[in-house]
Amino acid sequence: MRIVVCDDEPLARERLVRIVQESGYEVVAQATTGAEAVTAVKLKQPDVILLDIRMPEMDGVRCAQLLNELEHPPAIIFVTAYDHYAITAFKANAIGYLLKPANKDELLDALSKAKNLNAAQLNQIRKLEDPTARPVREHISARTHRGVELIKLKDIYYFTADQKYVKVRHKNGVVLIDETLKELEEEFGERLFRVHRNAIINLSYLDYLETIDSGQYQVRFKGIEEALAVSRRHLPALRDKIQSM
């Protein structure tokens, strides 16, 4: 697999190059700015680019946007010291987001995932047939005391509004994210379903709809004991959805 490494910090760039080469991958070019990275990608046609975000002249996010306009863009893995760019990074079609100093195992895992993506899958991820379409993520990123956590959508039971944040209930616990239910619902489409103005659920974990006191309804989930209230407004649509599943 052919790789371009882009980072304006020499020591960080050299470390990435060393890890990549020692692991049997080929570094075909190095760059110190986003502009240099775009040029290197056009010349070398790499499979993957390891890309910093905070760089002079052109940052990594803008670089990624330009790379995604190419006919055959590389898979993008961001390697950065800043955790608050994760959401922006995945909207730029990144398949990985690592914090400096990049852990060798995490880096190799990200490269392995990139290697396993065939051309058809990469085209689907980037939606090259419709460059104006918003990319659909497979992960939700959340800032926690451990840094940026990436939570697979397939591991999430539901999202609920929690004051100015959204609570994400997943297989390993609960995190808060700075997104809105409306944004999540629009992005993930048929995979999520609104049951209340303050709640959307992952249909993969919907078990059944049950009646509670005073004619109210709630949904139960596969794998957890929790339940969520269903509003009268969303009840008919939910019933129709359940019948069609």
- Message: I'm trying to understand the selection: among the residues of the stretch 67-97, which are touching a strand residue (DSSP E or B) at 6+ places or on another chain (Cβ under 6 Å), open to solvent by less than 30 Å² (accessible area, probe 1.4 Å) and at pLDDT below 85?
- Response: Ala86, Ala89, Ala94, Gly96, Tyr97
- Do we have any residue at all in the stretch 1-19 that's among the hydrophobic types (A, V, I, L, M, F, W, C), open to solvent by 20 Å² or more (accessible area, probe 1.4 Å) and within 18 Å of Ile95 (Cβ to Cβ)? yes
- Residues of the stretch 20-57 satisfying the condition of being open to solvent by less than 60 Å² (accessible area, probe 1.4 Å) and either in a loop (DSSP other than H, G, I, E, B) or not aliphatic (A, V, I, L, M) (or both): Ser23, Tyr25, Thr32, Thr33, Gly34, Pro46, Asp52, Ile53, Met55
- Message: Would you confirm whether or not the stretch 34-43 contains a residue that is touching an Asp or Glu at 6+ places or on another chain (Cβ under 7 Å), farther than 19 Å from Lys113 by Cα and among the hydroxyl-bearing types (Ser, Thr, Tyr)?
- Response: no
- Query: When the stretch 158-174 is examined, which residues are found to be surrounded by 13 or more Cβ atoms within 10 Å (Cβ to Cβ) and either within 21 Å of Asp240 (Cβ to Cβ) or not small (Gly, Ala, Ser) (or both)?
  - Reply: Tyr158, Phe159, Thr160, Asp162, Tyr165, Val166, Lys167, Val168, Arg169, His170, Lys171
- Given the conditions (1) open to solvent by less than 30 Å² (accessible area, probe 1.4 Å); (2) modelled with pLDDT of 90 or more; (3) not aromatic (Phe, Trp, Tyr), and given that Ile177 satisfies all but one, which numbered condition is not satisfied? (2)
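The values are calculated or read from the model by the stated rules, or taken from the named source; none is laboratory data. Please read all numbers here as calculations on a predicted model, not as lab measurements. Positions of Cβ are backbone-derived with ideal geometry, glycine not excepted, and every protein chain shown enters the neighbour counts. Only protein heavy atoms, including side chains, enter the accessible area calculation; ligands, DNA and RNA are left aside. Shrake-Rupley method; radii C 1.70, N 1.55, O 1.52, S 1.80 Å.
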